[in-house]
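What follows is a single structure, written as structure tokens, with notes after it.
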Amino acid sequence: MNVEQILAAFTQADDNELPLAGIEAAKANWALFYPELVKVIDEFIAEPASLSAERQNILFYGTFLLAELKYTPALDKVLELFACQDTFLTPIESVFGDTLTELVPSLFYILADGNPEVLSDFILGDHLAMYSKGSAIEVVFAQFEAGVVSRAQLVDYISLWKNTFLISTGITHNFLMSVLATSCIDYQINEFKNEFIALCNKKVFDEDRASLAEIKAWDDTDGLKQIELGFIQADFNLVETFESWGMKDEGATLSEASVEEEMRRLLGENNPFANTIFDEDFIMENSVPVSSLTKVGRNDPCPCGSGKKYKKCCLH
């Protein structure tokens, strides 16, 4: 296959289907495909909002092919790609979505190949990435879990990151402080216990990421180990991973035509919901204020009813 055929194969799948032909063609012709992937990455870095849907498809699946193929020479380029603001509705979030927190840690772990220094430099970098920096923190803890980073090294990194985040507080640094605190709890790095608990009075944590009560409780008896629980994969299979994601959502979404048909059914003349579904009084009477919803702590029972702690179930 030539380059044009390989790239075209990524756009031939129907909506919500994996571009299997493109993935296999890219793997079989990697020497041809990888330079094109770099071009797409560079296009995104230069003008994030300019990529067509087809080019976004190549960027998304091509990036995770790097993890499957363990193509470590791409690490610097991948870190450059993810060194951008990645909060909700940013261009990179629109391309990568939930994978920023769910799968990018595996990508970083595999490409970093036991090198924590390059990840620490990324974490300390003067860029706006928030979730990607959090993923990099989790990866260094996972490297400790795997035995490639010593406890003494990890303690040094934690001290360096913590001191840097405390220089200036804000949305990003508060989020990263919470990632750091909960990672220390999960991995029983209790050298920082008293310091983190004392910081609960300083407004330096993101309480949506970790409640102050959880940090103060410092329950390290049942930690979340990233590799042990499969949240970080040392061996990544792109098709298997995304097919499993599809299975979780199977039947949960409707096509646009199906949505329109369902709305017509609900609003039908003989349907009991016809007069209430968009009735303002009905909505107000049956709504629950967001402020009244109970926040679920990472160590609380998961609200899905699995019997597991939230951090070991639906949190991820």
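Accessible area of residue 157 (1.4 Å probe, protein heavy atoms only, ligands and nucleic acids ignored): about 30 Å². Residues 179, 148, ordered by accessible area of protein heavy atoms at a 1.4 angstrom probe radius and largest first, appear as 148, 179. Ranked from largest to smallest solvent-accessible area, with a 1.4 Å probe on the protein heavy atoms, 70, 202 come out as 202, 70. Give me P(r) over the stretch 3-72, computed from all C-alpha to C-alpha distances, binned every 10 Å, as integer percentages. Per 10 Å bin, starting at 0, the Cα pair percentages come out as 21, 56, 22, 0.
For the stretch 1-148, the Kirkwood radius over C-alpha pairs fed into Stokes-Einstein at 4 °C and 1.567 mPa s yields D = 83 µm² per second. Quick one: net charge around residue 86, please, counting Lys, Arg +1 and Asp, Glu -1 for every other residue with C-beta under 14 Å from its C-beta. With Lys, Arg at +1 and Asp, Glu at -1, the net is -3.
Of the solvent-accessible surface of the stretch 140-209, computed with a 1.4 Å probe and all protein chains present, 49% belongs to carbon and sulfur. With both labels modelled 7 Å from their Cα along Cα-to-Cβ, the residue 217 to residue 156 distance reads 3.5 nm.
Using R₀ = 25 Å, calculate the FRET efficiency as 1/(1 + (r/R₀)^6) where r is the Cβ-Cβ separation of residue 42 and residue 239; round to 0.05.
Efficiency computed from Cβ-Cβ geometry: 0.40.
Checking the cross-link pairs 77/133; 39/225; 27/133; 77/203 against a 26 Å limit on the alpha carbon distance flags 39/225; 27/133; 77/203 as lying beyond it.
Accessible area per residue (1.4 Å probe, heavy atoms of protein chains only) ranks 150, 135 as 150, 135, with the largest value leading. For the stretch 101-216, taking Cα atoms only, Rg and Dmax work out to 13.1, 38 Å respectively. Compactness of the stretch 159-206 is given as radius of gyration and Dmax, 9.8, 26 Å, from Cα positions. Counting heavy atoms of the protein chains alone, residue 209 has an accessible area of about 50 Å² for a 1.4 Å probe.
The values are calculated or read from the model by the stated rules, or taken from the named source; none is laboratory data. Worth saying up front: this structure is predicted, and the values here are computed from it rather than measured. All Cβ positions, glycine included, derive from the backbone under ideal geometry; neighbour counts span all protein chains shown. Calculation scope for accessible area: heavy atoms of the full protein, side chains included, ligands and nucleic acids excluded. Shrake-Rupley method; radii C 1.70, N 1.55, O 1.52, S 1.80 Å.
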